[in-house]
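Below you'll find the structure, written out as structure tokens, and then a few comments.
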Number of protein chains: 2
Amino acid sequence: MRSMLLFYTLYLLCLSLGLLCVVFVSYWNSTWRGGFAWDGTRLQFNWHPVLMVAGLVVLYGNAAVLYRIPLTWGQNKKPWKLLHAGMMFLALLLSILGLCAVFSFHNANKTPNLYSLHSWLGICTSAMFAAQWVLGLAAFLLPCSPMAFRRLLKPVHVWMGSIIFSLSVAACISGINEKLFFVLKGNTNGTQPYSMLPPEAVFANSLGVLIIAFALVVLQILSNQKWQRPEPEHDEGISQPLLREDS
Amino acid sequence: MRSMLLFYTLYLLCLSLGLLCVVFVSYWNSTWRGGFAWDGTRLQFNWHPVLMVAGLVVLYGNAAVLYRIPLTWGQNKKPWKLLHAGMMFLALLLSILGLCAVFSFHNANKTPNLYSLHSWLGICTSAMFAAQWVLGLAAFLLPCSPMAFRRLLKPVHVWMGSIIFSLSVAACISGINEKLFFVLKGNTNGTQPYSMLPPEAVFANSLGVLIIAFALVVLQILSNQKWQRPEPEHDEGISQPLLREDS
């Protein structure tokens, strides 16, 4: 009972912090960075942080903790498998759009792509996420995947899930840090320098703190074994694909 | 047997990658950044990345996986508790020296401290590490700590250990990224810009990749339950302090 109270407190925190992250990243880019467009200008770049934080952090984190909600522990796991895969697909879609925003902005402005450590980390994390989604679909939702493959993949899928999430948080932190050094240059572009901690810097740093707090809550929920979905002895979650060969 | 083979392969990888991280960060700063001094110049700053990577990542990571080495599973846990605490103390010492290097460099050059998201993350991670070390000493090595406190703290200590490690890796990634944008400015200081990926950029980005690879190996070793130290039923590891009241 106390354990469930703690779970729901953390889950509420997870939802609130996730929402706050999206609000903060949207407000930062709409207020201080000039808003959004899809026209090759810096307003197109502004979609990048919003879509990456919304997709690869907030939606991803919420999809990851889905099976920890006791509401999903009924005998029929299939609707929750579909929801997990669907939320992850939406997260992947937002991340790909977020990558398109920055590549297209760079190309329009003749800026090279993929040179910074932030970009190396971000592109690898996104590729790992795409591979994880495709492998997850093939192993756990398609009827033709062999049972041995499912059993082998499940712990890898769970572990990689946390790793991809942690790497995406590291990519966000380095990205926000880099962006603030780019845009808060002091005299050269009429802003106060980052080192003077103008309101934008405090706000965007706070976004970074919120992302870390959200990540800690998600990782705490994922790591507590008491909150793992109790699987029946024949491990229905692994052995029953979503689409049966006879369906 | 296969599990132990995998463990030792990963452990060898952990040692090699850790060594490579220290070699890479030292070589980067000695070759491209001009070497080391403790004189308030930028050569003093160069100690910062070297000491943080060596302390808060490599030594910390190696100290964290110590109890996973089967060699340490003998009945007498005390020498390993001392070694774990000693390695962590050295890691903390190196991190504090690394922080002193950057604070002292900033102060000598009238640069504000603690404004970037990297610095917020780094200082919080270091503070958490210090608190974790002190609490660990109080709970697991001193004879006067109540058993209930030890039992309560152990899972928190283990979980926080991984979290502090992950945050320190995120701080390193954002720090390397920030430093490369600072120093590879193109025409203004006679370097090739970061965006042209000169040899220094490729080398320091690779340092970031090595740090991530090291972190993945450490987190994989920590997460595998098969490699956790088998504790006797009366849980000697928790219940026996290092210093007995009658000793």
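The values are calculated or read from the model by the stated rules, or taken from the named source; none is laboratory data. Only a predicted model underlies this, so the values are computations on that prediction, with no experimental measurement involved. Heads up, the Cβs are rebuilt from the backbone with ideal geometry, glycines too, and the neighbour counts pull from every protein chain shown. These area figures cover heavy atoms from the full protein model, side chains too; ligands, DNA and RNA do not enter into them. Shrake-Rupley method; radii C 1.70, N 1.55, O 1.52, S 1.80 Å.
Suppose every K and R has +1 on its Cβ and every D and E has -1 on its Cβ; what is the size of the dipole of chain A about the Cα centre, in Debye to the nearest 20?
Values: 16 positive and 9 negative charges, 32 e Å.
My answer is approximately 160 debye.
Segment A:18-72 to segment B:99-143: how many Å between their Cα centroids?
30
Find which of B:175, B:99, B:11 sits farthest along the positive direction of the dipole of chain B, computed with +1 on the beta-carbon of Lys and Arg, -1 on that of Asp and Glu, about the Cα centre.
B:11
Enumerate the lysines that residue B:154 could reach by cross-link, defined here as Cα to Cα under 29 Å, with residues fewer than 8 away along the same chain left out.
Partners within reach: A:154, A:226, B:77, B:78, B:81, B:226.
Rounded to the nearest 20 Debye, what is the dipole magnitude of segment B:66-178 about its Cα centre when Lys and Arg each give +1 and Asp and Glu each give -1 at the C-beta?
On the way: 8 positive and 1 negative charges, 109 e Å.
Once rounded to the nearest 20, the dipole reads 520 debye.
Work out from phi, with θ = phi - 60° and the Karplus expression 6.51 cos²θ - 1.76 cosθ + 1.60, the ³J(HN,Hα) of each residue of segment A:158-174, listed in order in whole Hz, and give x for Gly and Pro.
Each residue's phi maps through the Karplus curve to give 5, 5, 4, x, 5, 5, 4, 4, 5, 5, 5, 5, 4, 5, 4, 4, 5 Hz.
Would you mind telling me the share, in percent, of accessible area of segment B:94-175 contributed by carbon and sulfur at probe 1.4 angstrom?
Numbers: 2780 of 3460 Å².
Carbon plus sulfur share of accessible area: 80 percent.
Which lysines have a Cα lying under 26 Å from the Cα of residue B:110, excluding residues fewer than 8 positions away in the same chain?
A:179, A:185, B:179, B:185
What's the magnitude of the charge dipole for the protein assembly as shown around its Cα centre, counting Lys and Arg as +1 and Asp and Glu as -1 at the beta-carbon? Answer in Debye, nearest 20.
On the way: 32 positive and 18 negative charges, 11 e Å.
Here the size comes out at about 60 debye.
So what's Rg/Rh here for chain B, counting alpha carbon atoms and using the Kirkwood radius for Rh?
On the way: Rg = 20.0 Å, Rh = 19.5 Å.
On the Cα set of chain B, Rg over Rh gives 1.03.
Given label points at 7 Å from Cα along Cα→Cβ, what nm distances, shortest first, separate residue B:79 from the same residue in every other copy?
Ordered by increasing distance: 5.9 nm.
List the distances, in nm and shortest first, from the label point of residue B:143 to the matching label points in every other copy, placing each point 7 Å from Cα along the Cα-to-Cβ direction.
For residue B:143, the inter-copy label distances come out at 6.9 nm.
Could you tell me which of A:224, A:84, A:111 has its Cα farthest along the dipole of chain A towards the positive end, charges placed at Cβ (Lys, Arg +1; Asp, Glu -1), taken about the Cα centre?
A:224
Strictly greater than 24 Å: what percent of every Cα pair in segment A:50-170 meets that?
On the way: 2321 of 7260 pairs.
More than 24 Å apart: 32 percent of the Cα pairs in segment A:50-170.
Indicate the gyration tensor shape class of segment B:99-243 (rounded, prolate or oblate), computed on the Cα atoms with a ≥ b ≥ c the square roots of the eigenvalues: a/c under 1.5 is rounded; otherwise a/b larger than b/c is prolate and the rest oblate. Intermediate values should be presented prior to the final figure.
Values: a/c = 4.37, a/b = 2.02, b/c = 2.16.
Judged from the Cα gyration tensor, segment B:99-243 comes out oblate (a/c at least 1.5, b/c at or above a/b).
Express the relative contact order of segment A:149-211 as a whole percentage, based on alpha carbon pairs under 8 Å and six or more residues apart in sequence. Walk me through the numbers before you get to the answer.
Values: 27 pairs, mean separation 15.6, N = 63.
The value is 25 percent.
Once Rh is set to the Kirkwood radius over Cα pairs, what Stokes-Einstein translational diffusion coefficient, in µm²/s, holds for the protein assembly as shown at a temperature of 4 °C and a viscosity of 1.567 mPa s? Walk me through the intermediate numbers first.
Numbers: Rh = 24.2 Å.
Once the numbers are plugged in, D ends up at 53 µm²/s.
For the A and B pair, go ahead and give the buried accessible area with a 1.4 Å probe, both sides summed, in Å² to 100. The partial results should precede the final answer.
On the way: alone 12820 and 12820 Å², together 22740 Å².
It comes to approximately 2900 Å² buried between A and B.
Over segment A:100-157, with the other protein chains present, what is the accessible area per residue in square angstrom, probe 1.4 angstrom? Write out the running numbers ahead of the final one.
Values: 2840 Å² over 58 residues.
Accessible area per residue, segment A:100-157: 49 Å².
So which trypsin sites (Lys or Arg not before Pro) in segment B:39-139 pass both tests, a DSSP loop state and at most 13 other Cβ atoms within 10 Å of the Cβ?
Values: sites: B:42, B:68, B:77, B:81, B:110; in loops: B:77, B:110.
Taking segment B:39-139 and a limit of 13 other Cβ atoms within 10 Å, the loop trypsin sites (Lys or Arg not before Pro) found are B:110.
Within a 10 angstrom radius of each residue's Cβ in A:172-183, how many Cβ atoms of other chains show up on average? Whole number is fine. Show your work: numbers first, answer last.
Working: counts 3, 10, 13, 3, 4, 13, 8, 1, 5, 7, 1, 0.
So the per-residue partner count for this stretch is 6.
Beta carbons within 10 angstrom, averaged per residue: use that to sort the peptides B:54-60, A:119-125, highest first. Walk me through the intermediate numbers first.
Numbers: B:54-60: 24.4, A:119-125: 21.1.
Packing proxy ranking, top to bottom: B:54-60, A:119-125.
For segment A:210-216, just list the computed ³J(HN,Hα) in residue order, Karplus coefficients 6.51, -1.76 and 1.60, θ = phi - 60°, integers in Hz, with x standing in for Gly and Pro.
In residue order, the calculated couplings are 4, 4, 5, 4, 4, 4, 4 Hz.
Run the helix sum for chain B: -39,500 (n - 2.57) per DSSP H stretch of 4+ residues, divided by residue count, reported at 222 nm to the nearest 500 deg cm²/dmol. Mind dumping the intermediate values first?
Numbers: 9 runs with 162 residues, N = 247.
After summing the helix terms and dividing by the residues of chain B, the value is -22000 deg cm²/dmol.
Go ahead and run the numbers for FRET between residue B:183 and residue B:93, Cβ-Cβ distance against an R0 of 25 Å, rounding to 0.05.
Details: r = 27 Å, r/R0 = 1.10.
E between residue B:183 and residue B:93, to the nearest 0.05, is 0.35.
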